[in-house]
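Heads up, the thing below is written out as structure tokens.
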Amino acid sequence: MFHSLSAMPADPILGLLTQYRADSHPNKVDLGVGVYKDPSGHTPILDCVKIAEKLRFETEDTKVYIGPTGSAPFNQLMTELAFGHSHPALLADRIRTVSTPGGTGALRVAADFIKRCNPNAVLWVSDPTWANHTGLFEAAGITVKTYPYYDYDSKTLKFDQMMAKLATIGKDDVVLLHACCHNPSGMDLTQAQWDEVIEVTAKQGFTPLIDMAYQGFGDGVDEDAYGVRQMAAKVENMILCSSCSKNFGLYRERIGACTLVGKDSNQANVANSVLLYVVRCIYSMPPAHGAAIVETILGTPALKQQWLDELKVMRDRINGNRAMLVEQLKMNAVERDFSFIARQKGMFSFLGVNPQQVERLKQEHSIYMVGSSRISIAGISEANVDYLAKSIAKVL
Ligand code: LMR
């Protein structure tokens with residue numbers, strides 16, 4: 001049976017990991033996969049995570065099935081982290097959350113859930129969007145189309161064009177928005193722009209699906225949730241997919257959440273029952289360890305504060321890296337204006353070099369980035385920024 005298969009190309013993001021690890025160049029630089037790195041290039045385990053894991057080790061007393069919903073305390077705490085404690089939708093009992101295997105798991109159950117709501121729904125994604133969004137939703141049988149978003153020439157948002165397109169999308173479709181730290185462009189909506197997007201969403205009646213994979217990496221935990229909170233206050237239905245991979249550094253534990261906002265409590269219950277059916281049909285129930293760590297942290301005031309402090313260190317370092325790269329490029333007499341990198345947010349920006357230059361950076365300098373020239377800013381450090389800037393100068 002397998003004879004009919006032809007090989008798939010390596011994943012455009014994850015495939016870089018294998019190539020980078022196999023490269024023996026002493027100055028190699030990994031700007032590929034979006035993972036936080038400390039100044040020595042290591043992806044550390046947060047101290048608050050280590051403490052929570054120790055507590056968990058001492059108190060965990062069973063490994064019995066957790067059930068398709070996952071951990072109830074985790075779900076409640078993640079809902080409050082995303083929406084705040086007193087959001088009107090929370091007080092009206094309109095919100096239901098399930099734990100999922102990472103943010104990707106959340107997106108996949110959202111995809112199957114959408115398919116059950118409306119088998120003909122089109123999912124609209126920003127142009128560009130995270131490389132895996134399209135494949136993931138198409139795998140669930142959903143047609144994916146794009147709305148204008150990033151202007152590669154001016155390095156700004158195509159906001160007017162985006163709004164014009166959203167104003168043509170009808171109530172049977174779904175529009176995917178990035179809550180913050182847009183992956184791959186680093187260009188976020190301002191709060192005023194969010195307000196306009198929310199207005200057109202409510203007017204057109206399409207369902208917003210917000211992907212929040214980087215809460216706390218942009219401006220702060222509450223600031224980054226502005227769009228999520230305002231949107232949920234203004235629309236009948238909404239889907240939120242969150243990830244704990246980056247902000248808790250729990251990449252390999254695979255923990256995230258899928259949240260539904262219903263018109264009222266009854267509708268939320270019905271929608272939740274469908275979501276749980278979808279979960280049962282895909283992976284039955286989520287892993288528990290990551291959820292246990294997160295709920296221990298968020299449910300223990302001192303640990304939560306420690307987490308917020310460690311998150312700020314990561315956020316500040318990424319912002320510092322942005323400024324450092326711009327400065328170093330100037331110091332290497334690069335005439336092209338790269339100041340946009342310092343204005344963008346989160347883990348990623350497009351460097352803005354062409355595919356041949358991306359390839360040369362890899363082949364001649366062992367600098368790894370996605371073919372679109374997306375760079376993971378966290379991979380820059382004081383130790384490699386000079387080499388990086390000099391190499392970019394050479395290929396330019
Ligand atoms: C990324 O965009 O690099 C991360 O979200 C990791 C991934 O799974 O692609």
Within region 234-285, the residues that are among the polar types (S, T, N, Q) and more than 16 Å from the ligand (Cβ to nearest atom) are N237, T259, S265, N266, Q267, N269, N272, S273, S284
Review point. Is it true that some residue in region 202-219 is in contact with a Phe, Trp or Tyr (Cβ under 8 Å, 6 or more places away or on another chain) and hydroxyl-bearing (S, T, Y)?
Key: no
Of the residues in region 200-233, those that are within 16 Å of the ligand (Cβ to nearest atom) and of a type in the set (S, T, Y) come to Y214
Going through (1) touching a helix residue (DSSP H, G or I) at 6+ places or on another chain (Cβ under 9 Å); (2) buried (at least 16 other Cβ atoms within 10 Å of the Cβ); (3) of a type in the set (D, E, K, R) one by one, D151 fails only at (2)
Exercise. Any chance region 131-140 includes a residue that's assigned to a helix (DSSP H, G or I), within 16 Å of the ligand (Cβ to nearest atom) and buried (at least 20 other Cβ atoms within 10 Å of the Cβ)?
Worked result: yes
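Of the residues K115, K145, which is basic (K, R), more than 16 Å from the ligand (Cβ to nearest atom) and either in contact with a Cys (Cβ under 7 Å, 6 or more places away or on another chain) or outside any strand (DSSP E or B) (or both)? Spell out how you get there, then give the answer.
Working: K145 fails: either in contact with a Cys (Cβ under 7 Å, 6 or more places away or on another chain) or outside any strand (DSSP E or B) (or both).
K115 is the lone residue from the list that is basic (K, R), more than 16 Å from the ligand (Cβ to nearest atom) and either in contact with a Cys (Cβ under 7 Å, 6 or more places away or on another chain) or outside any strand (DSSP E or B) (or both).
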Inset, instruction - Return yes or no: is Q344 closer than 30 Å to T190 by Cβ, within 16 Å of the ligand (Cβ to nearest atom) and in contact (Cβ under 8 Å) with a residue 24 or more places away in the chain? - result: yes
Review point. Is it the case that R96 is in contact with a Leu (Cβ under 7 Å, 6 or more places away or on another chain) and charged (D, E, K, R)?
Key: yes
The correct count of residues that are surrounded by fewer than 16 Cβ atoms within 10 Å (Cβ to Cβ) and in contact (Cβ under 8 Å) with a residue 12 or more places away in the chain in region 32-47 is 8
TODO: Evaluate region 347-361: report whether one residue or more is surrounded by fewer than 16 Cβ atoms within 10 Å (Cβ to Cβ) and either among the hydrophobic types (A, V, I, L, M, F, W, C) or under 19 Å from the mean Cα position of the chain (by Cα) (or both).
DONE: no
- Return yes or no: is V294 in the same structural domain as F217 (by TED's automatic domain parsing) and modelled with pLDDT of 95 or more? yes
Of the candidates R56, R21, the one satisfying the condition of being surrounded by fewer than 18 Cβ atoms within 10 Å (Cβ to Cβ) and out of contact with any helix residue (DSSP H, G or I) (no Cβ under 6 Å at 6 or more places or on another chain) is R21
Exactly one of L90, L107, L77 is assigned to a helix (DSSP H, G or I) and touching an Asp or Glu at 6+ places or on another chain (Cβ under 6 Å), and that residue is L77
Exercise for the section: Restrict the check to region 26-42 and report whether at least one residue is at pLDDT 95 or above, part of a strand (DSSP E or B) and of a type in the set (D, E). Expected result: yes
Just one listed residue, out of S86, S24, S99, is small (G, A, S), more than 16 Å from the ligand (Cβ to nearest atom) and assigned by TED's automatic domain parsing to the domain that holds L351, and it is S24
Just checking, does region 7-21 include any residue being over 26 Å from S376 (Cβ atoms), at pLDDT 95 or above and either of a type in the set (D, E, K, R) or away from the ligand (no atom under 16 Å from the Cβ) (or both)?
yes
Residue pairs qualifying under the 9 Å Cβ cut-off, at least six apart or on distinct chains, with the first in region 185-205 being under 19 Å from V174 (Cα atoms) and the second being of a type in the set (S, T, N, Q), are W194/Q230; D195/Q230; I198/Q230; T201/T207; Q204/T168
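The values are calculated or read from the model by the stated rules, or taken from the named source; none is laboratory data. Just so you know, these numbers come straight off a predicted model, no measurement behind them. With ideal geometry, Cβ positions are generated from the backbone for all residues, glycine too; neighbour counts draw on all protein chains shown.
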